[in-house]
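Beneath this line is the structure, given in structure tokens, with notes to follow.
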Amino acid sequence: MSRARVARRIATAAAFGGGGISLLGGAAVGVLLTEARLAKRMVGGSDGVPPRADGRYGSAFAHRTDEAALRLVFLGDSIAAGLGVRRARETPGALLASGLAAVAERPVKLENVALPGAKSDDLDRQVSLLLDSSLPLPDVAVVIIGANDVTRRMPLAASVRLLSDAVRRLRDTGAEVVVGTCPDLGSVEPVYQPLRWLARRASRQLAAAQTIAVVGLGGRTVSLGDLLGPEFEARPRELFGPDNFHPSAEGYATAAMAILPTLCATLGLWPEADERPDARRGEGFLPVAEAAAEAASEAGTEVTAAHAVSSGPRGRWALMKRRRRRPVEQEHPQNDSGDPGDASPEGAARRGA
């Protein structure tokens with residue numbers, strides 16, 4: 001069965017409240033659990049607390065505009081929270097808030113409610129925190145979720161349904177939504193075969209199904225799969241953190257640079273010329289399931305609803321883009337009193353492409 005067809009089945013099951021798609025037989029489950037126990041012993045502890053990066057970014061732009069600060073919210077698991085780095089400015093939330101402020105030339109207020117260890121069933125709680133009536137509504141939300149759903153064997157259809165519910169609630173408020181899909185867990189260094197192959201298969205199937213669901217709700221997705229694939233496999237000491245599982249500072253910067261163009265584009269801030277598909281980069285219109293399956297295996301690939309070609313014989317269509325990565329400006333947030341704390345804005349550009 002093709003990857004696109006499997007992803008479509010998972011997304012359909014999620015939409016109609018079905019169960020998961022079974023990946024393994026009984027014997028394979030036994031092998032998987034044995035390999036998982038061995039891998040767990042080799043992967044370092046992940047019980048730390050991620051640095052808190054909430055705050056205001058791009059304060060230098062405040063005097064240039066009368067517009068209120070953009071409200072950027074982060075939801076998801078330990079990757080969204082930035083577990084594995086020691087400095088707030090190294091978290092993906094801080095990197096993207098700084099980058100968004102620089103592109104928009106407007107302050108950005110970051111609020112991150114992501115929880116290390118969270119599965120998709122925690123998204124409802126996280127969304128409720130962000131939609132508190134005492135707070136302004138978010139302008140844009142970034143969601144990164146799915147890794148724990150795979151490792152803890154949540155049915156993939158249930159995982160997609162829970163993500164869909166969260167995206168729908170955010171979209172109903174008028175917020176734009178960007179989802180970083182499930183990373184490729186087959187790239188975790190201490191994981192060996194056959195667990196590596198099974199983890200890769202499950203995580204890519206979930207990522208593709210997430211894309212089908214999110215695009216159907218008017219959101220956009222960016223594949224994180226390949227960022228935890230060839231690049232991490234080639235430079236694991238550089239891109240994985242001390243626990244051999246979560247990204248290092250440079251790993252998070254790599255992921256942030258993949259998401260930033262999509263984050264800006266969803267708010268209408270990216271150059272219009274770059275919004276047109278470029279056939280030389282393999283961009284174009286595809287049935288959404290095919291675009292989702294292809295994106296799941298290639299880092300930084302964006303999938304969004306196709307407005308020019310809404311549907312065809314094979315269902316809804318989507319636009320698949322491979323955006324160039326750009327450097328991300330870093331800046332420490334100010335606290336509510338306006339004190340910049342121990343650092344001023346930095347122009348540290350991370351690795352570009």
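At 7 Å along Cα-to-Cβ for each site, give me the label-to-label distance between residue 134 and residue 273 in nm.
Distance between the two pseudo-spin positions: 4.9 nm.
Over the range 62-111, what lengths in whole Å, largest first, do the semi-axes of the equivalent ellipsoid take, defined as the square roots of 5 times the eigenvalues of the alpha-carbon gyration tensor? Write out the running numbers ahead of the final one.
Numbers: eigenvalues 111, 24, 10 Å².
Three semi-axes, in Å: 24, 11, 7.
I need the peptides 70-78, 98-106 ranked by packing, meaning the mean over residues of other C-beta atoms within 10 angstrom, with the highest value on top.
Details: 70-78: 25.1, 98-106: 23.0.
So the peptides 70-78, 98-106, ranked by packing, come out 70-78, 98-106.
Distance from the Cα centre of the range 253-268 to that of the range 88-148, in angstrom?
If we compute the Cα centre of each part, the gap is 13 Å.
So for the pair residue 68, residue 152, with labels modelled 7 Å out along Cα→Cβ, what separation do we get in nm?
In this crude spin-label approximation the distance works out to 3.4 nm.
In Å and whole numbers, how far do the C-alpha atoms of the range 103-219 stretch along each principal axis, longest first?
48, 29, 23
Taking amide H positions as placed in the peptide plane 1.01 Å from N, state which residues far from residue 221 in sequence (5 or more) or on other chains have amide H under 5 Å from it.
179, 303
Express in % the proportion of alpha carbon pairs of the range 46-173 at distances exceeding 26 Å.
Values: 1944 of 8128 pairs.
Roughly 24 percent, once rounded to a whole number.
Any idea how far apart residue 307 and residue 280 come out in nm if each label point goes 7 Å out from Cα toward Cβ?
With each label point 7 Å from Cα toward Cβ, the separation is 2.6 nm.
Could you list 269, 217, 130 so that the one with the fewest beta carbons within 10 Å of its beta carbon is first and the one with the most is last? Walk me through the numbers on the way to the answer.
Details: 269 15, 217 18, 130 22.
By the 10 Å Cβ count, ascending, the order reads 269, 217, 130.
Read-outs: derived from the displayed coordinates by stated rules, not from any lab. Please read all numbers here as calculations on a predicted model, not as lab measurements. Neighbour counts are summed over all protein chains in view; Cβ atoms, including those assigned to glycine, are modelled from backbone coordinates with ideal geometry.
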